[in-house]
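Data first, discussion second: the structure below is written as structure tokens.
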Amino acid sequence: MFIKGFIFSLFFVEVFVSATNVCSIQTPCRCDIGGGEALDLSSVGLTGKPLFNEILAGNGTVNGLYSYNPCYAFDSTDTGTTVKQGNVPCKNAAACVKTPGGEHGEFPEEHAIGIQSTAKFHAFSADGKDYFSIMYTVPGAQQNLTVILNCSESDDYHLTIDSIETPENSSVVMTLNTKCACRPYKCLAPTPEESSHGLSTGSKLLIAFFTIAGAYFLVGIIWNFCNGAQGVELVPNLDFWNELPKLIIEGVIFTCSCFGRKSSYGEV
């Protein structure tokens, strides 16, 4: 199975890394491969929180809850955890692991296993197929993380934990199944219009117009009521509104007559 082969190849990481760094330009979100191709995970990750939050390893044992977020860094919001000496807090992270507390009421322990800013894309081949992976490290600590990007045509994203952290092993391996790993690569960074959930300029103008108009009529009606007006006389500037349809019609007729009028030197 290609996962096992890849995990075995991690023992030769120096040769592996030097031979497979294929990105001409890269960020934690994107790898520009060249030839107009780019593997982009901007549309996969979430902002400020992990896409995959506290999931178990495949063996189902509670030896650690793993959180991972592609592309964007996150901080743990759990204030009831500790950090063991030699580990790094779960801040600006790509991935973290939380282990249960002890039998005597100790707090759970949580630390980073990959810092987002250290992300490096790499490529490898297994079972006759080409794969990409992202490798993360934790500056000042021993932990490192490799996330294998596996092509999946599903619109859903799925993460598996292939190799867990143990006292003897600080290297964690995960597999992320995503359509963004399928060629031709079509997952591009969202445009400002796509990523923004704010109101458009037209919507803002309409809201402003109706707000001002509503305030105008409300204040005008209250003012006229206080001055003894009743019925339709409560409408502010009633004479103007009565004349408005007539003024509009006259304006349209005048405009149309201007366009329809033809001048010639013979009329002069």
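The values are calculated or read from the model by the stated rules, or taken from the named source; none is laboratory data. In this text the structure is predicted, and so the values were computed from the model without any measurement. Neighbour counts are summed over all protein chains in view; Cβ atoms, including those assigned to glycine, are modelled from backbone coordinates with ideal geometry.
Could you list, ordered by first residue, the pairs with Cβ atoms under 6 Å in which the first is in the range 153-170 and surrounded by fewer than 10 Cβ atoms within 10 Å (Cβ to Cβ) and the second is outside any strand (DSSP E or B), at least 6 apart or interchain?
153/179
With the requirement that a residue be of a type in the set (S, T, N, Q) and touching a strand residue (DSSP E or B) at 6+ places or on another chain (Cβ under 7 Å), what does the range 92-124 give you?
Within the range 92-124, 92, 99, 116, 118 meet the criteria.
Pull up the range 122-151, narrow it to residues that are part of a loop (DSSP other than H, G, I, E, B) and surrounded by 17 or more Cβ atoms within 10 Å (Cβ to Cβ), then point me to the one that is modelled with the lowest pLDDT.
143
Kindly provide the set of residues from the range 208-230 that are hydroxyl-bearing (Ser, Thr, Tyr) and more than 16 Å from residue 241 (Cβ to Cβ), ordered by number.
Once the filter is applied, which keeps residues that are hydroxyl-bearing (Ser, Thr, Tyr) and more than 16 Å from residue 241 (Cβ to Cβ), the range 208-230 yields only 211.
Identify the single condition in (1) part of a helix (DSSP H, G or I); (2) surrounded by 10 or more Cβ atoms within 10 Å (Cβ to Cβ); (3) of a type outside the set (A, V, I, L, M) that residue 202 does not satisfy, given that it satisfies every other one.
Status for residue 202: all satisfied but (2).
What number of residues within the range 96-121 satisfy the criterion of being over 20 Å from the mean Cα position of the chain (by Cα), crowded, with 21+ Cβ neighbours inside 10 Å and farther than 20 Å from residue 54 by Cα?
Final tally of qualifying residues: 0.
For the range 103-118, which positions are hydrophobic (A, V, I, L, M, F, W, C), assigned to a strand (DSSP E or B) and without any contact (Cβ under 8 Å) to a residue 40 or more places away in the chain?
112
Regarding residue 184, is this residue surrounded by fewer than 21 Cβ atoms within 10 Å (Cβ to Cβ) and within 17 Å of residue 87 (Cβ to Cβ)?
no
For the range 109-134, give me the residue count where each residue is farther than 18 Å from residue 68 by Cα and either of a type in the set (Ser, Thr, Tyr) or in contact with a Ser or Thr (Cβ under 7 Å, 6 or more places away or on another chain) (or both).
Count: 5.
Picking from 52, 107, which residue would you name as being of a type outside the set (Gly, Ala, Ser) and within 18 Å of residue 174 (Cα to Cα)?
Within the list 52, 107, the selection yields 52.
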